[in-house]
Every structure is written in structure tokens, then in C-alpha cells.
1. For a quick check, take a GNM of the chain with Cα springs below 10 Å and name the residue from Val63, Val233, Val212 with the largest mean-square fluctuation.
2. Using a Gaussian network model of the chain whose springs link C-alpha atoms within less than 10 Å, name the residue from Trp306, Trp206, Trp240 with the highest mean-square fluctuation.
3. I'd like the distance between the alpha-carbon centres of segment 232-246 and segment 74-116, rounded to an integer number of Å.
4. Using only alpha carbon pairs under 8 Å that are at least six residues apart, calculate the relative contact order of the chain and give it in whole percent.
5. Using the per-residue mean of other Cβ atoms lying within 10 Å as a proxy for protection, in what order, highest first, do the peptides 224-231, 51-58 fall?
6. Given the chain, what count of lysine pairs have C-alpha atoms under 16 Å apart, with each pair 8 or more places apart or on different chains?
7. Amide H to amide H, which residues 5 or more places from Asn20 or on other chains are under 5 Å from it, using H placed in the peptide plane?
8. Which ³J(HN,Hα) values in Hz, rounded to whole numbers, follow from the phi angles of segment 196-205 under the Karplus curve 6.51 cos²θ - 1.76 cosθ + 1.60, where θ = phi - 60° and Gly and Pro get x?
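Nothing in this text is a laboratory measurement; each read-out follows from the coordinates by a stated rule. What you see is a predicted model, and the numbers here were worked out from it, not measured in a lab. All Cβ positions, glycine included, derive from the backbone under ideal geometry; neighbour counts span all protein chains shown.
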Amino acid sequence: MLNIFESKGNLIVHSKEPYNAEPPLDRLRSAFITAQADFYVRSHGNIPQLDADEHRLVVDGLVERSLNLSMTELRTCFPHRTVTAVMQCAGNRRADMLQVAEVSGDPWAPGAIGNAEWTGVALSDVLQAAGATDNADLHVAFASCDEIEMEGEGRFLYGASIPMAKAVSPEVILAFAMNGEDLAPAHGFPLRVVVPGFAGVRSPKWLSRITVQAQPSDNHMQQRDYKMLPSNVTADTVDWTKGVTINDMPINAAICEPSPHATLKPGLTTIRGYAVATAREIVRVDISGDGGRTWSLAELEGSSPWSWTFWHASLDLSKGEHELVVRAWDSAGQTQPAAPDDTWNFKGYLSAAWHRVRVSVV
């Protein structure tokens, strides 16, 4: 396991096997569309080295006709669609929960997120070609080529599922390109699912099979992980059947500049960051320079559906220690909890409390 501050290229590497890494926050905030080189990588197993000319996508289950498509057929038989959307790990900002108590998993800072232009074909078009119904009681399960090894579970291929109602939404695509380029191997080459608004776990990379079925996927990743759990549950007492499957991600915001423990000069200081809300618009971002006792409005820089919102603010900081804090509001009047204690869970999922950055002004 590598130290959180050990970098490889543009990314801060949390682990080599499986490979998990996130960008420094100033690089993440430098562009509205996140370059592949600056995009976080979340792997549960190996990164398959696949040949696009040999790769096939099978569609089966509760369909009128099974499909077995080459990448060429997928690209030529269905209209292309591009969606600008955030991809975010359910463990984004997990490190903040470590302030409360130990959690399992990599200590992600706020960089386990990125915003890209995804190009591919609509999942709904492929399901329609297979003669699947849009019955809301059904589920669409995905199987991938990456092999995972877990203690007590042995080896298995990655899998997950989403409800049919989401699967047929126009924003959900089977992507083969990212920002106008072929997907890099670490980002799912040659084919991945993109489910905007849902946790990244529901957007499998290296996709090989789609199955329409009456129940959610029985894969470990669907049934015994990535669920909302109460704070009194531990790894020893967890009953996964009582957890709530994590799909939609909560409203969140983070300060990307200045960095934690930065040394600044007195006077006006520019604070920059991002905010994101599932299927809703960010309408307000508040910034504080005194730990949340007083607030100022940040200026929003615009966004697009399923994307994030960049914001910036200027604070007049005097000499001394300051705790910068940010919170966001969405179009439904929802905002973030004040402290990570409010949502702590032993898996460290859905960390969305006010983001705090301590700086020194000298």
C-alpha cells in the first residue's frame, strides 16, 4: 500500500494492486472537462488488457432475442450519443470520515470524481434491439472482464446492476470514448457503462455482458458491498440484506484551492472548488473563512445536466489560522450535513459533510 501523498504521474496513488489513484485537487479544478490523465481510477481487481477487434458484448436474459455484438457492430448499428457527466466513487472524501473513527477502504480525498464527455450508444437502444421491455420491476445486470479476489469470496468477475427505470433513461450509455478519445485501459477500454448520477460502482468498466432479469445482480459487489449502513454497524455485525443499495449520490462540495495546510499572505484570497448534486441543479454555494460561523456567497461558474458546478469566492483573510469551509445547496433546498459524524459508517461511503481546509496566513 502506498502513502496517500506518494504520486505517480499526475495522480496520487493509494494502492498499486488493485490500482487506485486520484488527481491533486488543483489539477482536478483546472478544467471543467477532466482529462483522462487526470481522471481518478477505481479498480477492484486487475486492469484487463483487451483487444477491441476480439471483444464481444452479449445481451441476454428476459429479452426476445439474444445479441452477440462486436465493437464494430456496436459502433455502426446504433446512433452515437455524447453525454457530459460526472463519475464519482461512493467513497469520495472517505478520508474525512477518518476524523471520526476508522473506516475500511482507500482514504480518498475529494479527488475520486471527474467530469467527462462520454461517447457511445444509448443502453436503451441496445435493450430495444434485443426486444427487452421497459417493465420497471426488472433489473439490468452488467458483467465485466476484471477479475477480483477477496478473502472469503475467492475469485470472481466484477458485476453490478441498475433498475430498468434508470437503464432506459436517455443519459445512460455504453461508452467507448472519453473526451473524444478511445477509453484508456484504466478507464474501461474498449467498453464501459456510464450511469450519470449513480455511484461509479454502477458504471462497470470492461463490459462483456448485459442481462435483463427479475432481480438485482447476485454479484458480491451488488449484494455484499456498496450499501448505506447505520453508524452502529461494524464489519463483524453487518447484515448486508438490511443495507440500502447506493445508487444516487448525495449533494456534495469541496474546496480544491488553496490546499490543506497552505501558507498564504494576508488579504484577498481566492477559493475555488466544485459542487455536485444528483439530477438537481446547484443553486448556491456558501464559503466561510472562520469554521462556519459566518458565510459568504460564492460565484457559480455554470454547469450542465449530470455535470458538476465550478465555483469561486474571494475572502479577506487576516494573519493567523483559518478554517475554510464550503457547503452547497440544490434546487430542492437540500444542503450538506455539518460534520462527518452525522453520516459516518464503517465502509466510509457517501462522505458529504461540509468540506473543511485549514490554512495559515502569515
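1. Val233
2. In this elastic network of the chain, the residue with the biggest mean-square fluctuation among Trp306, Trp206, Trp240 is Trp240.
3. Between the Cα centre of segment 232-246 and that of segment 74-116, the gap is 22 Å.
4. Working: 926 pairs, mean separation 61.3, N = 362.
In percent, rounded to a whole number, it is 17.
5. Sorting 224-231, 51-58 by mean packing, highest first, produces 224-231, 51-58.
6. So the count of such lysine pairs works out to 5.
7. Sorted by chain and number, the residues that satisfy this are His14, Ser15.
8. Here the 3J(HN,Hα) series is x, x, 8, 4, x, 4, 8, 10, x, 8 Hz.
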